[in-house]
Each structure stands twice: as structure tokens, then as C-alpha cells.
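Heads up: the structure comes next, in C-alpha cells.
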Amino acid sequence: LPALRGLSLHVCAGEIVGLAGVAGNGQAELAEVVTGLRPPTGGSVRVHGELLVGGGVRYSAGSEGVRRILDAGVSHIPEDRTHVGTAPNLSITDNVIMKGYRKAPLSHGWSIDRVEARGKANALRSEYDIMVPTVETPARLLSGGNLQRLILAREISSQPRLMIAMQPTRGLDVGAIESVQRLLLEQRESGAAILLVTEELDELIAMSDRVYAIYAGEIMGEMSRPDTQ
């Protein structure tokens, strides 16, 4: 059975659009299609008018297709922080440069400037309050809140046009939840388009400018903030 059926939605710059629904109704598959992790059988994805997925664009399995989507300004905060959002055995430094290591000033031909990489990691550690003794600490040793801040630091520092946020506060303590929500709101104010997927209805209503309801892979309705209240 298809995970998504005739689904159509749009997210504008400078707004947070929530996707409401019980888990397993197509939210994960939608995020994977938009971020290049799953080949679509139909339809298309456009970011700022640029056709990235479907509509005659050849799906490229592996890094080529994902890189095209990343270069278009798409960021992803995955639901699985450990196995999808990070490389657990690599250091904080290696995790924060994953999206930019091919470009200057981090890249010099075939080599990575480790001094520049550590400098960037230390700057992000300070800016996003990632509590680690050193940026050479393996990501697997971080708490859930610090791991989420690491992912947000990497994704936000790439100056995204579109951010897909999957369950961004699940399993976090109150302080970490407030920190993540504040960072998402700041991205909205800076002009990013954010698709927020969460099962926390109060969070969805408080954070979203508009909300789509999804069931069995279909959009069942769209609500503005006054309607949701």
C-alpha cells in the first residue's frame, strides 16, 4: 500500500507548519521523500521554485541525490537522533562538519583543515550550549538534550531555507524542550520555512502558524492558528 496518497501541502518562508496525526500515517515517509532518503513513486518536491524530487528529476540513490537537496537549503532534524541524525562513534567535530566539509574553509582539495573544523565545532558548542568536555568527545556519550542541540547546531548553521523537524522535543527534559523550541522560533523569524512533525498537540498548536491533519497518507484538512485554538 502507498504510504502517501494524493498528498499536497506548502510551507512558506517565515512560518512553521505543523503536521498533526498519530504516528504511522505517512509522516516519516513524507520527511524521507523531501530529504532525499526515499525514492517517490510520483509527485514532486520544490524548494523556492527549484524542482528537487519527481517531475522528471532522476532519483539518485545515496549521496548524490541527498547532496542536491542539501545544496538547495534543506535541513533535517530526524526522529532518530542516534542512528540517523549523527554518527555516534565520530567526534562532535566530525558530526558538526558533515554538511560543509566539502567546501572552503573546511576543505582544501582532498583534505580537511582540522584546525578550522575544531574552531567551528568549538564556536557551535559555545553558541548552542552543548555540554561536553571537548569537541573530540564521541557523539554517543552525549545526553539526549545535548545530542539534539548538536544536530540543531549543524542544521541551523547551514542557513536552511526549509527545515524538516521530526519529533524535535521527544524524550527531552523541560529545559531542553524550551531550548529547542526557542531555536525553531528563531529560525522562523530569520525567514526559514519549517515543517514541524510532532505528536505533542499542545506544542503543535503553540508553535505552528498553520496545521495540516494527516491520516492514512492523506491530508484531511488545513487549519490556521485561530481555528486550532
Could you tell me the relative contact order of the chain? Use alpha-carbon pairs under 8 Å, at least six residues apart, and round to a whole percent.
35 percent
Apply the Karplus curve 6.51 cos²θ - 1.76 cosθ + 1.60, θ = phi - 60°, to the phi angles in the range 88-95 and return the couplings in whole Hz, x for Gly and Pro.
x, 7, 8, 6, 4, 4, 5, 6
Give me the distance between the Cα centres of the range 160-199 and the range 70-137, rounded to whole Å.
19 Å
Shape descriptors of the range 123-193 over alpha-carbon atoms, Rg and Dmax in angstrom, are 12.1, 34
Please compute the contact order of the range 124-229 in relative form: average sequence separation of alpha-carbon pairs under 8 Å and at least six residues apart, divided by the residue count, as a percent.
19 percent
Which one, ALA193, TYR101, LEU1, is farthest towards the positive end of the dipole of the chain when Lys and Arg carry +1 and Asp and Glu -1 on their Cβ?
TYR101
Given the Cα atoms of the range 73-198, and with Rh set as the inverse mean 1/r over their pairs in the Kirkwood sense, what is Rg to Rh to two decimals?
0.95
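Taking the mean number of other Cβ atoms within 10 Å as a proxy for protection, how do you rank 113-122, 3-12 from highest to lowest? Intermediate values should be presented prior to the final figure.
Working: 113-122: 16.8, 3-12: 14.4.
Answer by packing, highest mean first, reads 113-122, 3-12.
For every other residue with a beta carbon closer than 12 angstrom to the beta carbon of GLY217, add +1 if it is Lys or Arg and -1 if Asp or Glu, then tell me the sum.
Values: positive: ARG5; negative: GLU29, GLU218.
Its environment carries a net charge of -1.
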Average accessible surface area per residue within the chain, 1.4 Å rolling probe, Å²:
51 Å²
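For the range 138-206, give the percent of accessible area contributed by carbon and sulfur heavy atoms, probe 1.4 Å, rounded to a whole number.
On the way: 1360 of 2860 Å².
Taking all protein chains in place, the range 138-206 shows 48 percent carbon and sulfur surface.
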Quick one: dipole size for the chain, taken about the Cα centre, charges +1 on Lys/Arg Cβ and -1 on Asp/Glu Cβ, in debye to the nearest 20.
820 debye
Checking rank on 79-87, 150-158, with mean other Cβ inside 10 Å and highest first, the result is 150-158, 79-87
Sticking with the crude label model, points 7 Å out along Cα→Cβ, report the distance from HIS10 to ALA87 in nm, one decimal please.
3.9 nm
Give, in nm to one decimal, the length gained when the segment between ALA206 and LEU185 is fully stretched (0.36 nm per residue of separation minus the Cα-Cα distance).
6.5 nm
Keeping the other protein chains in place, figure out the carbon and sulfur percent of the accessible area of the range 15-121, with a 1.4 Å probe.
55 percent
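The values are calculated or read from the model by the stated rules, or taken from the named source; none is laboratory data. These numbers were taken from a predicted model, which means no experiment stands behind them. Reconstructed Cβ throughout: ideal geometry from the backbone, glycine too, with neighbour counts over all protein chains shown. Just the protein is used for accessible areas: all its heavy atoms, side chains included, with ligands, DNA and RNA removed. Shrake-Rupley method; radii C 1.70, N 1.55, O 1.52, S 1.80 Å.
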